[in-house]
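Asker: Shown below is the structure under consideration.
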Amino acid sequence: MTYQALARQYRPQNFTELVGQEHVTQALINGLEQGRIHHAFLFTGTRGVGKTTVARILAKALNCEKGVTGNPCCQCSSCLEIAEGRFVDLVEVDAASKTGVDDTRELLENVQYAPTKGRYKIYLIDEVHMFSKSSFNALLKTLEEPPPHVKFLLATTEPKKLPVTVLSRCLQFNLKRLNLTQIQNHLIQLLELQNIEIDSVAIELIARAADGSMRDGLSLLDQALAYGAGTVTTKDVTLMLGSMDQKSVVGLLNAVIDKDKESLNKQLTQIFNLAPDYSRFLHELALLLHEVSLCQILNSYVDNSAFDKNTIKTLTEKTTPAQVQLFYQIILKGQEEINLAPDSKTGFEMTIIRLFAFEIGNPDSLNTTPNKQKAIQQNSKQTNTQQYTQQLPSEQNVSSVQANRTDSTQQSQSNAQSIAQTTSNQAFKKYRCCEVNSETWQEIFQKLAIQGPTKELARNSHVLSNDNGTLVLAIDEQVQAFMTDSSQQRLSSALKDIISEDVVVQFKQDDDNRSTIAKTQQQQQEAHIAATKNKVEQNTFVQHMQENFDAELIQIKQGESFI
Ligand SMILES: [Zn+2]
C-alpha cells in the first residue's frame, strides 16, 4: 500500500468537516440553500488555513448531481471527480505559474461555452495576487459580465495586492488562522482514526510549530510519523523540530526557585531522556526569564509567547526582579561556557546547579568571581531594603521602593551588558559568502547551530554551486524526504549566523551520488578501522597468539572515543 500524506487522506470533503472556519462555511451554506449565489468569490487568509479546500467544497456544492446544496453528497460522479481533481468543468490554476496575459487569455478563452458535464463551469485561481496587471485586466472583463454558467473562486494570501476593481466584484471571505487547540484537537482526532498512540506533549509541540496553519500541522505530523517509524513521541518531535518542551523549561525553573532538590533531579533526568540540544534549552530558559522580567517590571506580556500567561504570572509572584536578573546572567554565562565544558550536558547541568545553589546575599553560596559577589550583595541589599520598606507603606516609602527597583534593574542590566560584550568580543570567525564551497562545506557544517532533519540534510549534501549567496545543495537520496521549505529556511538562517552576507539555500535532488559530509565521515571511519586492523595484525603478541594457539582475528569494534 502506498503511503498517502495525512493532509491528503483527510482533506475535508464537506463544509462541516472544515475546522475553525465556521464564520465562512455558515455564510456559504446559507447562500447556497437560499439560492443567493454570487458569481465571484475571494478567499483570503494565511497559508494552510483551508482556502482552496473551501473553494473545492463550494465547487462540489454547486455541481452536485443531487442539486445545488450546502451539503454536497460526496457520492455522485461530479462530487467524486471534484474530490479526485479530474472534473472537466473545474479549471484549477496556480496563478504563480501562469502570470502572463497570454496564459490568462488562453484560460478564459472557453468561458462563453456551456459546461460539459456540470451545472457550472468553475475557475479556481489560487494565489491570484501573482497575476500581472494585464492578466488582471483580462480577468476583469469577464468578471464584469460573466456568463450565467460561470463562477470564479479566487484564493490569495495577499488580498492587498489585488486591484480594487477586482476586489469590488468579489464576495470576500477571510479565513482565520487556527488556534493551538483547534490544531491540537484535529491532529489527535486523525491519530485516533489511525489507531496511533497519542503523546499529548508531542502533539502540542507540533501544533505550536504549525503556527496557525493546519496544513503545516498535518505535514509536520506526517514528518514526525516518518521520523518515528509510525509513532509520535515527544523525544522524536523534539529532535525533529529542534524545539523544547515548554513544560520542562518551566518545570526546571520552578524546581530551581522552590529549591526543590528532588524535583530538580527528576526534571534533569527527564530532560536527559529527551536528548535535547542543551544550549537551546538554556536559550529557552533565558526567553522565559525575559518574559517574567517584562511582566514583573512593565506588567506586560509577550505576544504569541510559547508560555502561557498564568505560568508567567506565577513565576513573577515567586521571584524578585533582582533574582530574575541574576538567573538571566547566570544563563547567559552558561551559554557562553557550554562549548568549553567537557560536553554540553555537563555544561548545562553545571549552569543549572549554579542557578540552584546561588542565594542572593548568602556569602556561602556558590560564586564565580569576587566582583560578581559584590554586585550580588549590592543587589541583595537593595532587595532587603525593598522588602523592609514594603512592610511600612507610606507615600514617602513608595518613591524609595521605586527608586530601588530601578537601581537594581539598571545594575543587573549593566552586568548583563558587560557579559554580552565579552561574548561578542570572543565571537568566532565569520565566513565570507564566497568562501562556501564543496571543500569548506564540512568545516562550515561543524559550526552550524542546526539539528534534526535540517542537520541530516546538511550532512548529506554536496555544494553544487554558490552564486552570489544562492547556495544550491545537492541532497543525497537517503534524506530527500526531509527536503521542506522550513528546513531550507532553518539552514539559511543558521548560515546567516556565521556568514557575513545573506545566504539563500536551495535544495536539489542529487541523482549523481556526489560526495557528502556523511560519506566522507563514513570513509574516514572505514579507513580508521582498516588502519587499526593492520596495526593489530602487525602486533607481535597477536602474531604470537596466531602462530602458537591458532588464534583468529574475528572483529575489530569501533570504540566510543572515535569521532
Ligand atoms: Zn454530489
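Readers should treat all values here as calculations from the given coordinates under stated rules, not as data from a laboratory. If you're wondering where the values come from, they're calculated on a predicted model, not measured in any experiment. Every residue, glycine as well, gets a Cβ built from its backbone with ideal geometry; the counts of neighbours run over all protein chains shown.
Asker: Under the 0.36 nm per residue contour assumption, what length would be gained going from the current alpha-carbon distance of E109 and A226 to full extension? Write down the numbers at each step before the final one.
Answerer: Numbers: separation 117, 0.36 × 117 = 42.12 nm, distance 4.44 nm.
Answer, rounded to one decimal: 37.7 nm.
Asker: Please work out the C-alpha center-to-center distance from segment 114-171 to segment 494-563 and express it in whole Å.
Answerer: 60 Å
Asker: Just add up the charged neighbours of I125: K/R +1, D/E -1, any other residue whose Cβ is under 12 Å from the Cβ of I125. Don't jump to the answer; show the numbers that get you there.
Answerer: Details: positive: K51, K98, K151; negative: E92, D94, D103, D126, E127.
My count for the surroundings of I125 gives -2.
Asker: Take each of the peptides 38-45, 540-547, average the number of other beta-carbon atoms within 10 Å over its residues, and list them starting from the highest. Before the final figure, lay out each step's value.
Answerer: On the way: 38-45: 21.1, 540-547: 11.1.
Those peptides, ordered most packed to least, come out 38-45, 540-547.
Asker: I'd like the FRET efficiency for Q525 and N195, computed as 1/(1 + (r/R0)^6) with the beta carbon distance as r and R0 of 45 Å, rounded to 0.05. All intermediate terms of the calculation are to be shown ahead of the outcome.
Answerer: Working: r = 40 Å, r/R0 = 0.89.
Calculated value: 0.65.
Asker: Something else: Gap in Å between the Cα centre of segment 217-261 and the Cα centre of segment 27-45?
Answerer: If we compute the Cα centre of each part, the gap is 42 Å.
Asker: Let me ask something additional. Within segment 74-206, how many Lys pairs that are eight or more residues apart, or on different chains, come under 13 Å at the alpha-carbon? Show your work: numbers first, answer last.
Answerer: Working: K98/K133; K121/K151; K133/K141; K133/K161.
Close lysine pairs found across segment 74-206: 4.
Asker: Quick one: 3J(HN,Hα) in Hz for segment 468-476, Karplus 6.51/-1.76/1.60 with θ = phi - 60°, rounded, Gly and Pro as x.
Answerer: Rounded to whole hertz, the list is 6, x, 9, 9, 9, 10, 8, 9, 4.
Asker: Between A357 and K259, what length comes free when the chain is fully extended (0.36 nm per residue of separation minus the Cα-Cα distance, one decimal in nm)?
Answerer: 34.4 nm
Asker: If the reach is capped at under 16 angstrom between alpha carbons, list the lysines near K430, excluding any in the same chain fewer than eight residues apart.
Answerer: Candidates past the 8-residue exclusion: K447, K496.
Asker: Sticking with this structure for a sec: Which of the aspartates and glutamates could a cross-linker bridge to K318, judged by Cα under 20 Å and excluding same-chain residues fewer than eight apart?
Answerer: D258, D260, E262, E284, E291, D308, E359
Asker: Also, quick follow-up: Is any residue of segment 194-229 close enough, with backbone N under 15 Å, to a label point placed 7 angstrom from the Cα of K176 along the Cα-Cβ axis, and if so, which?
Answerer: 212-214
Asker: A further question on this structure: Which order do peptides 448-455, 432-439, 61-68 fall in by mean Cβ count within 10 Å, highest first?
Answerer: Working: 448-455: 20.2, 432-439: 13.4, 61-68: 18.1.
With the highest mean Cβ count within 10 Å placed first, the list reads 448-455, 61-68, 432-439.
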